[in-house]
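Engineer: Handing you this structure, nothing more for now.
The values are calculated or read from the model by the stated rules, or taken from the named source; none is laboratory data. Keep in mind that what you see is a predicted model, and the values were worked out from it rather than measured. Here the Cβ positions follow ideal geometry from the backbone for every residue, glycine too, while neighbour counts run over all protein chains shown. For the accessible areas, the whole protein counts, side chains as well, though only heavy atoms, and no ligand, DNA or RNA atoms are used. Shrake-Rupley method; radii C 1.70, N 1.55, O 1.52, S 1.80 Å.
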Amino acid sequence: MPKILITGGAGYIGSNTTQLLKRRGFDVVVVDDLSRGHKHNVENVPFHKITLSNTAALVDVLRSEACDAVIHFAAYIAVGESTQKPELYFTNNVGGTLSLLTAMVETGIKRLVFSSTAAVYGMPKTVPIPEDSAIAPLSPYGDSKVIVEKVLHWMDQFRDVRSIVLRYFNACGADPESTLGEEHDPETHLIPLLFRAIETGKAITIFGEDYPTPDGTCLRDYIHVVDLAEAHVLAVQKLLAGGSSDTFNVGTGEGHSVLEVVRSVEKVTGKKVPLAFGPRRDGDAPVLVANSDKLRKTLGWKPRYPELDDIVTTAWQFEKRHIAT
Ligand code: UDP
């Protein structure tokens, strides 16, 4: 079976994808500097603690492990932090990717799946958003992904590096068959923060209730992490079969408001979420919902968890296990 190098495999989406690749029979090797990921997520996989800026170390791993392709997750992901420290985001997300690409060129490895984001679209004019919508990020985080997408375009043209760019919508949920789940530090994502509000009794602030949406709160496309992981497996298979470079949205195509997510969490947990309403958060688009037709038609992707309540149920199962340990 082909061997896949996974950067950022100790993180939330990276570790879930690593497990799915293993289940599908792929050989895997993870590279992560553990600055944001967790050691316990890589306990049962070959693992190298390497920072992406260390090109020579990446060359060593790619060569000694004889990798056939790379799935590149390793990046910082907090929109708010990126507005406070843009230089950190460009150094890590763009600089780290350039180092990785340099190592790939040096070792002749020419297939890459790249984690991009719906944040590249900014305030989209058409919703659900097709992949050919205007690119207009609202944050350094979003722009760090746009820059890498541009680099990948040129790497395809002049270095024959074939890449599949996956633009994620809102990753959430947990794999019921594994111990992996969402544990960012600090946590900024809605569903884990709703659980935290229930556990602590301290109100979660809803960022804005005056958006031009049916209930005034933002609409997002919540996609289960296992379905997101599946998109990576399909993408890397396509590249390994000689497929050309391409870009796909990964979302369900369904939008849910923040208050709908609150109601789903209350239904699943049987508990009331303490809420407070605050101002809008910088950089939040009113509506981000994917048109995922291209992913479905081209790669045959179909979500296993299209329903919000099912996604929240798996996230709550993880949360309960996590609190217990
Ligand atoms: N959100 C909120 N309060 C919070 C965290 C998030 O109202 O404490 C809202 C946020 O404004 C957005 C949605 O929940 O509309 C999802 O936010 P999250 O940070 O989970 O993901 P993002 O959409 O930024 O990728």
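Engineer: Could you order peptides 77-85, 13-21 by the average number of other Cβ atoms within 10 Å of their residues, highest first?
Structural biologist: 13-21, 77-85
Engineer: According to a simple spin-label model (label point 7 Å from Cα along Cα-to-Cβ), what is the distance in nm between residue 160 and residue 272?
Structural biologist: 6.6 nm
Engineer: How long are the semi-axes of the equivalent ellipsoid of the range 211-325, taking √(5λ) for every eigenvalue λ of the Cα gyration tensor, in whole Å from largest down?
Structural biologist: 30, 20, 11
Engineer: With axes computed from alpha carbons, what is the tilt in degrees of helix 140-159 against the longest principal axis of the chain, rounded to the nearest 10 within 0 to 90?
Structural biologist: Roughly 30 degrees between the two axes.
Engineer: Still on this model: Let me know the Kirkwood hydrodynamic radius for the range 1-56, please, with Cα pairs as the basis and the value in Å to one decimal.
Structural biologist: Every distinct Cα pair counted, the radius reaches 11.1 Å.
Engineer: If you build the convex hull over the alpha carbons only and average its shadow over all orientations, what do you get for the range 133-262? Give it in nm² to one decimal.
Structural biologist: Averaging across all directions leaves 10.6 nm² for the Cα convex hull.
Engineer: Just the ratio, please: alpha-carbon radius of gyration of the range 1-136 over 2.2 N^0.38 Å, N its number of residues.
Structural biologist: 1.10
Engineer: Sorting 320, 125 by accessible area (1.4 Å probe), largest first, what list results? The partial results should precede the final answer.
Structural biologist: Details: 320 105, 125 195 Å².
From most exposed to least exposed: 125, 320.
Engineer: Can I ask one more? Measure of size requested: the Rg and Dmax of the range 166-237, with Cα atoms as the atom set and Å as the unit; please supply both.
Structural biologist: 15.0, 46
Engineer: For the chain, find the longest principal axis of its Cα atoms and tell me its angle to the long axis of helix 225-240, 0 to 90°, nearest 10.
Structural biologist: Approximately 20 degrees, to the nearest 10.
Engineer: Oh, and also: Give, in nm to one decimal, the length gained when the segment between residue 136 and residue 40 is fully stretched (0.36 nm per residue of separation minus the Cα-Cα distance).
Structural biologist: Values: separation 96, 0.36 × 96 = 34.56 nm, distance 3.67 nm.
The span from residue 136 to residue 40 would gain 30.9 nm if fully extended.
Engineer: Protein chains only, probe 1.4 Å: how do 68, 185, 210 rank by accessible area, largest first?
Structural biologist: Values: 68 60, 185 135, 210 100 Å².
Largest accessible area first, the list is 185, 210, 68.
Engineer: Here's a follow-up. Roughly to the nearest percent, how much of the accessible area of the range 176-266 is carbon and sulfur, given a 1.4 Å probe?
Structural biologist: C and S atoms contribute 51 percent here.
Engineer: Hey, another quick one. Got a number for the accessible area of residue 160? Probe 1.4 Å, square angstrom, nearest 10.
Structural biologist: That residue has around 80 Å² of solvent-accessible surface.
Engineer: Hey, can you find the accessible area per residue of the range 34-169 for me, probe 1.4 Å, expressed in square angstrom?
Structural biologist: Accessible area per residue: 45 Å².
Engineer: A follow-up question, please. Give the angle, between 0 and 90 degrees and rounded to the nearest 10, that separates the Cα long axis of helix 12-23 from the longest principal axis of the Cα atoms of the chain.
Structural biologist: So the helix axis and the longest Cα principal axis differ by about 60 degrees.
Engineer: Compute the length gained on full extension between residue 188 and residue 241: take 0.36 nm times their separation in residues and subtract their Cα-Cα distance, giving the result in nm to one decimal.
Structural biologist: Difference between extended and current length: 15.3 nm.
Engineer: Could you give the length gained by full extension between residue 298 and residue 87, i.e. 0.36 nm per residue of separation minus their alpha carbon distance, to one decimal place?
Structural biologist: Separation in residues times 0.36 nm, less the Cα-Cα distance, equals 72.3 nm.
Engineer: Among the listed pairs 85/320; 85/302; 297/320; 22/297, give every one whose C-alpha distance is greater than 29 Å.
Structural biologist: Pairs exceeding 29 Å: 85/320; 85/302; 297/320.
Engineer: Taking the full set of protein chains and a 1.4 angstrom probe, give the accessible area of residue 111 in square angstrom, rounded to the nearest 10.
Structural biologist: Accessible surface of residue 111 is approximately 80 Å².
Engineer: Can you give the translational diffusion coefficient of the range 270-310 in µm²/s, computed by Stokes-Einstein from the Kirkwood radius over Cα pairs at 4 °C and 1.567 mPa s?
Structural biologist: 90 µm²/s
Engineer: Have a look at the DSSP beta bridges in the chain and tell me what percent are antiparallel, nearest 5.
Structural biologist: That works out to approximately 5 percent antiparallel.
Engineer: What residues qualify as long-range amide H neighbours of residue 6, i.e. H under 5 Å apart, gap of 5 or more or another chain, H built at 1.01 Å from N?
Structural biologist: Amide H neighbours of residue 6, under 5 Å, 5+ apart: 29, 30, 31, 71.
Engineer: Report P(r) for the range 75-143: all Cα-Cα distances, bin width 5 Å, range 0 to the bin holding the largest distance, values in whole percent.
Structural biologist: P(r) over the range 75-143, rounded to whole percents: 3, 16, 21, 18, 17, 14, 8, 2, 0.
Engineer: How do 120, 268 rank by accessible surface area computed with a 1.4 Å probe, from largest to smallest?
Structural biologist: Values: 120 0, 268 40 Å².
Highest to lowest solvent-accessible surface, that is 268, 120.
Engineer: Further question on the same structure: Could you calculate, for the chain, the ratio of the Cα radius of gyration to the Kirkwood radius, expressed as Rg to Rh?
Structural biologist: Answer for the chain: 0.95.
Engineer: Once every Cα of the range 114-206 carries one equal point scatterer and solvent is ignored, give the base-10 log of I(q)/I(0) from the Debye formula at q = 0.10, 0.16, 0.18, 0.25 Å⁻¹, two decimals.
Structural biologist: Relative scattering, expressed as log10 I(q)/I(0), comes to -0.41, -0.87, -0.98, -1.22.
Engineer: Sticking to Cα atoms, compute the Rg of the range 197-246 to one decimal and its Dmax as the biggest Cα-Cα distance, whole number, in Å.
Structural biologist: 19.0, 53
Engineer: Using alpha carbon centroids, what distance separates the range 264-325 and the range 144-209, in Å?
Structural biologist: Cα centroid of the range 264-325 versus Cα centroid of the range 144-209: 11 Å apart.
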